[in-house]
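Report on the structure given below.
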Amino acid sequence: MITKETSRRLDPEKVVDTALTIADDEGPAAVSFRKLAAQHDVTPMALYRHFRDKDDLLAALGDRLLADVVLPEPTDEPWDVQLQALLGAFVTALRAHPRLADLTLSRILVAEPGLALAERALRLLIEGGFSTDDAAEVGRQSICSLIALVTTDPIVREVNDPEAREASLRRKRASLGALSPERYPLITSAASALVCPSSRDRYYDLGLELVVAGIRGVARS
């Protein structure tokens, strides 16, 4: 007998789409086979034909983020300029899904898009004067730093509701502003900027610049 479920082909890419939406809104912990099955009008067992378990599904989400990285074409510009463009493309892809950014870390050396990113980064670092092993160390730590930049975005870490988010930020600013200006003159004067950057673009640009400047400094030393 052909049932409604067996007559329908469950597209794993569409399941990943749904899981991505749930994780963006509520975080990866909110993703469950039961919830996904309900949204696709199948039983949870149908999902196990495509994903071994939730970890396998989360790995697919990490792969999806890496697939969204648009690698810039190689140019004749200096190695560090090209590296900044390459790492910037990585950050741009993660910014669209900040709650999932850390899912990419374990997939970079597994998924094809991650391997392509790693190969380009290593080539540029070696061009900058690093040995292969040092390039690997610098590349790994740089990627970790940029993932942390995204996951610790002060806006992302706040609640989603705009009014509740602004109320939370006001409370944090007021708390710092209430400190003794005699004891903490710089903290009290910079309370607003310490709580939340004035521009998210500037937040990411500065974070990327710091990483690349650090790499340049290590290369010179």
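Taking into account only those residues within the stretch 77-108 that are farther than 21 Å from Thr152 by Cα and acidic (Asp, Glu), which is nearest to the chain's Cα centre (by Cα)?
Asp80
Just for the stretch 59-108: of the residues that are among the hydrophobic types (A, V, I, L, M, F, W, C) and in a loop (DSSP other than H, G, I, E, B), which one is surrounded by the most Cβ atoms within 10 Å (Cβ to Cβ)? Break it down stepwise before answering.
Here is the first cut: in the stretch 59-108, the residues among the hydrophobic types (A, V, I, L, M, F, W, C) are 59-61, 65-67, 69-71, 79, 81, 83, 85-87, 89-91, 93-94, 96, 100-101, 103, 105, 108.
Among the residues that remain, those that are also in a loop (DSSP other than H, G, I, E, B) are: 69-71, 96, 105, 108.
Numbers: Val69: 20, Val70: 10, Leu71: 14, Ala96: 13, Leu105: 15, Ile108: 22.
Here the residue is Ile108.
Looking at (1) surrounded by fewer than 18 Cβ atoms within 10 Å (Cβ to Cβ); (2) modelled with pLDDT under 95; (3) not acidic (Asp, Glu), can you tell me which one Leu47 breaks?
Here Leu47 clears every test but (1).
So Ala118 fits all but one of (1) modelled with pLDDT under 95; (2) small (Gly, Ala, Ser); (3) within 30 Å of Ala59 (Cβ to Cβ); what number is the exception?
(1)
Given the conditions (1) over 24 Å from His97 (Cβ atoms); (2) touching a residue at least 40 places away in the same chain (Cβ under 8 Å), report the number of the one that Arg220 does not fulfil.
With respect to (1) over 24 Å from His97 (Cβ atoms); (2) touching a residue at least 40 places away in the same chain (Cβ under 8 Å), Arg220 is out only on (2).
Being over 17 Å from the mean Cα position of the chain (by Cα) and open to solvent by 50 Å² or more (accessible area, probe 1.4 Å) is the filter here; which residues of the stretch 109-140 pass it?
Hits for the stretch 109-140 are Glu112, Glu119, Leu122, Arg123, Ile126, Glu127, Gly129, Ser131, Thr132, Asp133, Asp134, Glu137.
Please find, within the stretch 32-65, the residue that is farthest from Ile108 (Cα to Cα) out of those that are in contact with a Lys or Arg (Cβ under 6 Å, 6 or more places away or on another chain) and not small (Gly, Ala, Ser).
Per the stated criteria, the residue is Pro44.
Working only within the stretch 177-213, note down all residues that are more than 26 Å from Leu146 (Cα to Cα) and within 29 Å of the chain's Cα centre (by Cα).
Of the stretch 177-213, the ones more than 26 Å from Leu146 (Cα to Cα) are 177-186, 188-189.
Correct list: empty.
Scan the stretch 39-62 residue by residue and report those that are touching a residue at least 12 places away in the same chain (Cβ under 8 Å) and under 19 Å from Leu103 (Cβ atoms).
Matches in the stretch 39-62: Leu47, His50, Phe51, Lys54, Leu57, Leu58, Ala59, Ala60, Leu61, Gly62.
Can you name the residue in the stretch 8-31 that is open to solvent by less than 40 Å² (accessible area, probe 1.4 Å) and part of a loop (DSSP other than H, G, I, E, B) and, of all such residues, is modelled with the highest pLDDT?
That would be Val31.
Taking the options Tyr204, Tyr184, name whichever one is in contact (Cβ under 8 Å) with a residue 12 or more places away in the chain and hydroxyl-bearing (Ser, Thr, Tyr). It would help to see each step written out before you state the result.
Working: Tyr184 fails: in contact (Cβ under 8 Å) with a residue 12 or more places away in the chain.
So the residue among Tyr204, Tyr184 that is in contact (Cβ under 8 Å) with a residue 12 or more places away in the chain and hydroxyl-bearing (Ser, Thr, Tyr) is Tyr204.
Pairs only if they're at least six apart or on different chains, beta carbon under 7 angstrom, first in the stretch 63-84 and closer than 19 Å to Leu122 by Cβ and modelled with pLDDT of 95 or more, second open to solvent by 50 Å² or more (accessible area, probe 1.4 Å) and among the hydroxyl-bearing types (Ser, Thr, Tyr); list them, first residue then second.
If the second residue must be open to solvent by 50 Å² or more (accessible area, probe 1.4 Å) and among the hydroxyl-bearing types (Ser, Thr, Tyr), the pairs left are Gln82/Thr75.
The values are calculated or read from the model by the stated rules, or taken from the named source; none is laboratory data. Since this is a predicted model, take the numbers as computed values, not measurements. Cβ coordinates were reconstructed from backbone atoms using ideal geometry, including for glycine residues, and neighbour counts include every protein chain displayed. Calculation scope for accessible area: heavy atoms of the full protein, side chains included, ligands and nucleic acids excluded. Shrake-Rupley method; radii C 1.70, N 1.55, O 1.52, S 1.80 Å.
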